[in-house]
Amino acid sequence: MELDGARVLVAGASGVLGAAIAQALQGRGARLVLAGRDASRLDAVGLDAPALVFDALDLERCAAVVDEAADLLGGLDVLVVAFGIAAFGPAEQAGDLVTEQLLTVNTMAPMAMVRAAVPRLEGDGTVAVLSAILADHPTGGMAAYTASKAGLSAWLTALRQEQRRAGVTVFDVRPPHIETGLADRAVEGTAPSMTAGATVDELVALVVDGIRDGRRELRYDLRERAFTGR
Ligand SMILES: NC(=O)c1ccc[n+]([C@@H]2O[C@H](COP(=O)([O-])OP(=O)(O)OC[C@H]3O[C@@H](n4cnc5c(N)ncnc54)[C@H](OP(=O)(O)O)[C@@H]3O)[C@@H](O)[C@H]2O)c1
């Protein structure tokens, strides 16, 4: 994909990874619409791009934001999904409310956005979605967070099969722990001490190059302590 001039919606652009991906894409000449749940935090990203507000708990709004972005841009070439939440603690202690929040924000909302994006990509283009290493390595102490990301990743794999002929590239990004403060903003529980597997800059470069190169997966090999993918 030619990034120069590409029409891109970055959902979750107020987050650390979303903002950095948006900045890098704009640096490569992409035309952006930013989306997030707080207009002032989107403004603080400091990019000259239209901003749309949505809450991932409102699934209808998630789909509407994609349509509004495509209308603003005169079409859509790339959807980046970079929003999400974490929660920690023993599986049996996670209540239904927190579990529902995780599954809605991390699984159903990205699915709603991608479903809305596929027809707007017109058989071409890319959806790049941040799931997590947890999809490959389910982890105790974060069972519901794991389930939300594993569900999202499995859905993306199935979608990729469906889209093989249609032509939309489905890029599942499964990063290791990265120091962004996400764990400190957990909706429940306290994160265990975790070693960062990568930096924000490393991940952003791989995501942006991956979109350009039509990559389908970015995984992290814990033994090699390195990214792999195809
Ligand atoms: N950092 C890591 O170690 C790591 C590892 C693997 C995967 N990931 C994934 O990467 C993504 C980005 O994480 P990050 O590290 O950049 O964390 P972050 O800085 O906390 O960003 C999270 C983003 O999600 C948004 N968000 C949260 N709840 C929302 C809601 N209900 N509606 C709309 N937006 C909502 C936040 O909006 P506000 O700005 O309004 O809060 C923010 O833009 C997440 O999906 C995360 O699971 C991160």
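Of note:
- Selection status of Thr180, away from the ligand (no atom under 15 Å from the Cβ) and either aliphatic (A, V, I, L, M) or open to solvent by less than 50 Å² (accessible area, probe 1.4 Å) (or both): no
- In segment 8-27, the residues that are near the ligand (Cβ under 8 Å from one of its atoms) and open to solvent by less than 10 Å² (accessible area, probe 1.4 Å): Ala11, Gly12, Ala13, Gly18
- Scan of segment 65-74 for residues that are open to solvent by less than 20 Å² (accessible area, probe 1.4 Å) and either over 25 Å from Leu103 (Cβ atoms) or within 14 Å of the ligand (Cβ to nearest atom) (or both), ordered by number: Val65, Val66, Ala70, Leu73
- Yes/no for Asp172 being surrounded by fewer than 19 Cβ atoms within 10 Å (Cβ to Cβ) and either within 16 Å of the ligand (Cβ to nearest atom) or within 17 Å of the chain's Cα centre (by Cα) (or both): no
- Condition check for Val81: open to solvent by less than 60 Å² (accessible area, probe 1.4 Å), of a type in the set (Val, Ile, Thr) and within 25 Å of Glu179 (Cα to Cα): yes
- Selection status of Glu188, among the acidic types (Asp, Glu), in a loop (DSSP other than H, G, I, E, B) and over 24 Å from Ala154 (Cβ atoms): no
- The single residue among Ala117, Ala128, Ala158, Ala154 that is part of a helix (DSSP H, G or I) and crowded, with 20+ Cβ neighbours inside 10 Å turns out to be Ala117.
- Residues located in segment 33-64, provided they are more than 10 Å from the ligand (Cβ to nearest atom), under 16 Å from the mean Cα position of the chain (by Cα) and either within 12 Å of Ala109 (Cα to Cα) or open to solvent by 60 Å² or more (accessible area, probe 1.4 Å) (or both): Leu59, Ala63
- The residues of segment 166-185 that are of a type in the set (A, V, I, L, M) and outside any helix (DSSP H, G or I), listed by number, are Val168, Val170, Val173, Ile178, Leu182.
The values are calculated or read from the model by the stated rules, or taken from the named source; none is laboratory data. Being a predicted model, the structure only gives us computed values, none of them experimental. Cβ atoms come from the backbone with ideal geometry, glycine included; neighbour counts cover every protein chain shown. Note: accessible area is taken over every heavy atom of the protein model, side chains too, but ligands, DNA and RNA are not part of it. Shrake-Rupley method; radii C 1.70, N 1.55, O 1.52, S 1.80 Å.
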